[in-house]
Protein chains: 2
Amino acid sequence: MICVLCGGVGAARMLTGLVQVTDPSSIVAVVNTGDDTELHGLSISPDLDTITYTLAGAVNLETGWGLAGESWQAMSALERLGGAERTWFRLGDRDLGTHLYRTGRLREGATLSEVTAELAAAFGLAVRLLPMSDDPVRTVLRTAGGGELCFQEYFVKHRHAVAVEAVRFEGAEASRPAPGVLEAIEQATVVVLAPSNPVVSIGPVLAVPGVEEALAARRPDVVGVSPIVGGAALKGPADRLLVELGGEASAAGVARVLSGVLGTLVIDEVDRHLAGEVEAAGVRAVVADTVMSTPARARRLAEAVLAAPAGAGEG
Amino acid sequence: MICVLCGGVGAARMLTGLVQVTDPSSIVAVVNTGDDTELHGLSISPDLDTITYTLAGAVNLETGWGLAGESWQAMSALERLGGAERTWFRLGDRDLGTHLYRTGRLREGATLSEVTAELAAAFGLAVRLLPMSDDPVRTVLRTAGGGELCFQEYFVKHRHAVAVEAVRFEGAEASRPAPGVLEAIEQATVVVLAPSNPVVSIGPVLAVPGVEEALAARRPDVVGVSPIVGGAALKGPADRLLVELGGEASAAGVARVLSGVLGTLVIDEVDRHLAGEVEAAGVRAVVADTVMSTPARARRLAEAVLAAPAGAGEG
């Protein structure tokens with residue numbers, strides 16, 4: 001069994017590689033829910049949905065999120081009623097079906113784990129999807145001005161174009177790992193930290209009490225993939241956030257942030273020269289092609305990741 | 001100023017007649033919210049929406065509810081995920097824009113009155129729309145089996161094909177009339193009870209403390225239109241409900257249920273023979289063509305209604 005700690009788009013791509021090289025039903029994906037939000041009364045879990053849609057082959061490949069062939073009648077109507085202020089988080093018509101289902105089930109008393117499994121089954125997924133927690137944890141970013149933004153405000157509404165001074169995970173202290181999360185970490189042959197933002201995607205998962213300790217106990221078998229390639233994030237604000245929070249926008253910076261749990265970090269070929277710095281942080285470095293621009297490249301990266309703990313690295 | 005107590009489709013048609021014969025901005029529509037429901041986390045106000053869409057010329061004329069030219073992507077997606085059990089209340093994609101807006105505003109702390117006014121303005125309505133109350137009142141029907149159904153379960157899910165033993169208006173005792181409701185009743189030259197179900201559409205409005213008393217004080221100027229024509233409801237279960245609750249499915253039965261507040265009842269020409277029975281209930285009878293199958297017929301009925309308190313009746 002392989003356990004994968006996941007954010008959104010990067011993790012979804014990593015999983016599309018892993019399902020090509022290992023039995024999908026032996027993969028447990030533990031997904032960040034710090035990005036979850038309530039909008040218009042609906043419970044929205046962006047990372048869970050991105051992974052579900054991607055593994056189902058239903059994702060919009062151009063954006064990396066949402067459904068392919070989506071229509072936007074509800075958003076158009078809402079914008080006519082309430083203006084652009086209400087529609088910065090775009091909910092497609094078919095995507096709304098997912099949010100209506102999730103919200104209805106949660107209101108009936110189902111846990112997020114249960115709803116996530118139901119949605120995964122409805123989308124035909126063989127991979128087992130777990131939210132990191134059934135309790136609400138919310139990533140909150142303090143901006144340079146002193147104000148606070150929830151993750152989606154920061155990421156979507158402001159397009160992460162604001163300086164961040166601190167990140168906190170509201171509710172994390174009181175949260176418990178969702179059923180199966182700790183067991184998956186404990187029993188996996190390899191635990192993969194997907195190439196997701198280490199601060200705001202992997203960070204919330206680690207903030208759930210018990211998760212970081214469980215990972216640390218499996219450290220030799222924990223393999224991360226750097227989401228920073230050539231000093232830049234492939235997607236999103238990971239590079240800026242690392243610098244703003246006192247770190248470094250590099251594979252070595254990622255290694256330092258995650259060194260407590262990471263046995264091995266897979267870094268891109270363009271970062272080969274950073275292998276020494278990664279290892280100086282106490283993390284084995286393995287060099288591979290980490291840019292998953294095609295399914296074949298995702299598959300090759302998955303092979304490299306699964307082989308990494310066995311000492312296939314070049315670092 | 002004309003005040004109109006409203007249910008859904010019948011009231012919407014009555015209003016389309018009234019706006020042809022009097023300044024729309026001098027009409028205050030007080031609308032039943034006992035039908036309101038929460039589905040999938042969304043706050044839905046069917047009667048308010050039916051009236052808004054109808055007055056905006058945006059309603060689906062075939063069904064009498066929902067928007068013309070609607071698409072159903074969200075419902076199709078929801079049905080694939082959760083089955084028909086979750087989609088018996090059909091929410092079109094553009095209609096969802098209304099519910100997303102309403103729910104979002106209510107969550108922000110706006111009152112239903114405020115949201116209703118905002119939606120009416122966005123749809124270009126000149127008529128002033130008021131919910132009967134900003135407090136939640138829910139029509140609950142006890143069925144012959146002893147179970148209870150909320151109004152939409154009864155009306156839509158079961159297509160009102162179950163026997164009803166009793167009706168109650170949950171929350172009514174603690175509710176207050178929405179701002180402007182009592183003033184509209186007190187100050188109107190004519191108060192119209194639209195041809196809506198007297199039990200489950202007009203009944204909830206009367207159950208809001210203060211409304212029935214305010215109407216009774218204006219009784220000579222209160223004119224109803226019978227929703228029962230020739231012993232049958234033009235739409236919905238008014239005829240069955242009247243009988244099931246111990247009354248009679250006729251214009252006279254309507255007069256008896258509403259005799260405490262009704263000065264005059266406009267009955268259809270086919271019910272001319274019931275005028276004596278209506279008057280025996282203490283309610284003046286006026287005979288007119290009450291079937292609003294065209295805008296012109298709705299206009300003529302509106303003229304008859306507004307003339308009724310002045311003694312234009314034939315009863």
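Brief remarks on what is shown
- Between the residues A:G97, B:T294, B:I202, the greatest Cα displacement towards the positive end of the dipole of the protein assembly as shown, with unit charges on the Cβ of Lys, Arg, Asp and Glu, is found for B:T294.
- Pseudo-label separations to other copies for A:P179 - Cα-to-Cβ vector, 7 Å, nm: 4.8
- Mean Cα-pair separation over length for region A:54-120, i.e. relative contact order, pairs under 8 Å, 6 or more apart, %: 23 percent
- Amide H within-cut-off set for B:D135, under 5 Å, with H built and near neighbours excluded: B:R176
- Cα-based helix-to-principal-axis angle, B:46-55 vs chain B, degrees rounded to 10: 70 degrees
- Contact order normalised by residue count of chain A, Cα under 8 Å, 6+ apart, percent: 19 percent
- Square roots of five times the Cα gyration tensor eigenvalues for region B:1-94, Å: 30, 14, 9
- Three semi-axes describe the equivalent ellipsoid of region B:44-201; taken as square roots of 5 times the Cα gyration tensor eigenvalues and ordered largest first, they are 26, 23, 16 Å.
- Relative to the longest principal axis of the Cα atoms of chain B, the long axis of helix B:9-21 lies at roughly 60 degrees.
- Divide the volume of the convex hull around the Cα atoms of region A:11-61 by the residue count and you get 87 Å³ per residue.
- Amide H to amide H distances under 5 Å link B:A172 with B:R138, where only residues 5 or more positions off or on other chains count and H is placed in the peptide plane.
- Values of log10 I(q)/I(0), in the order q = 0.13 Å⁻¹, for region B:177-315 under a Debye, Cα-only, solvent-free model: -0.50
- To the nearest ten degrees, helix B:295-307 and the longest principal axis of the Cα atoms of chain B are 50 degrees apart.
- Cα-based reach from A:K157 at 21 Å (exclusive), listing lysines while leaving out same-chain residues under 8 positions away: A:K235
- Given chain A, longest segment not containing exposed loop GluC sites (Glu not before Pro) (DSSP; at most 16 other Cβ within 10 Å): A:174-313
- Other copies of B:G247: label-to-label distances in nm, shortest first, labels 7 Å along the beta-carbon direction: 6.9
- Our coupling estimate for region A:158-166, obtained by passing each phi through the Karplus curve with A = 6.51, B = -1.76, C = 1.60 and θ = phi - 60°, is 9, 6, 6, 9, 10, 6, 10, 9, 7 Hz, Gly and Pro reported as x.
- Hydrodynamic radius of region B:79-128 by the Kirkwood approach over all distinct alpha-carbon pairs: 12.5 Å.
- Surrounding net charge for A:G92, when Lys and Arg each add one and Asp and Glu each subtract one, Cβ distance under 12 Å: -3
- log10 of Debye I(q)/I(0), alpha-carbon scatterers only, for region A:119-187 at 0.17, 0.25 Å⁻¹: -0.79, -1.00
- For B:Q20, inter-copy separations between label points set 7 Å beyond Cα along the Cβ vector come to 6.6 nm, shortest first.
- Working note: Debye formula, equal point scatterers on the alpha-carbon atoms of region A:161-258, no solvent; log10 I(q)/I(0) at q = 0.10, 0.13, 0.21 Å⁻¹ is -0.28, -0.48, -1.10.
- On the principal axes of its alpha carbon atoms, the protein assembly as shown extends 100, 50, 39 Å, with the longest extent given first.
- In whole angstrom, region B:42-126 maps to an equivalent ellipsoid with semi-axes of 23, 17, 9, each derived as √(5λ) from the alpha carbon gyration tensor and ordered largest first.
- Looking at region A:133-214, the trypsin sites (Lys or Arg not before Pro) that sit in a DSSP loop and have at most 11 other Cβ atoms within 10 Å of their own Cβ are A:R159.
- Local net charge near B:A298, Cβ-Cβ under 11 Å (Lys/Arg +1, Asp/Glu -1): +2
- With the charge dipole of region B:1-75 set up from +1 on Lys and Arg Cβ and -1 on Asp and Glu Cβ about the Cα centre, the Cα lying farthest toward the positive end among the listed residues B:W65, B:V19, B:V31 is that of B:V19.
- Charge sum, other residues only, whose C-beta stays under 13 Å from B:G69's C-beta, Lys/Arg counted +1 and Asp/Glu -1: -3
- When only alpha carbons are used to place a centre, region A:144-206 and region B:81-160 end up 36 Å from one another.
- Note on chain B: Cα convex hull, mean projected area over all directions, 14.9 nm².
Only the coordinates and a few stated rules stand behind these numbers; no lab work does. Note that the structure is predicted; figures quoted are calculated from it, not measured. Here the Cβ is made from the backbone with ideal geometry for all residues, glycine too, and neighbour counts use every protein chain on show.
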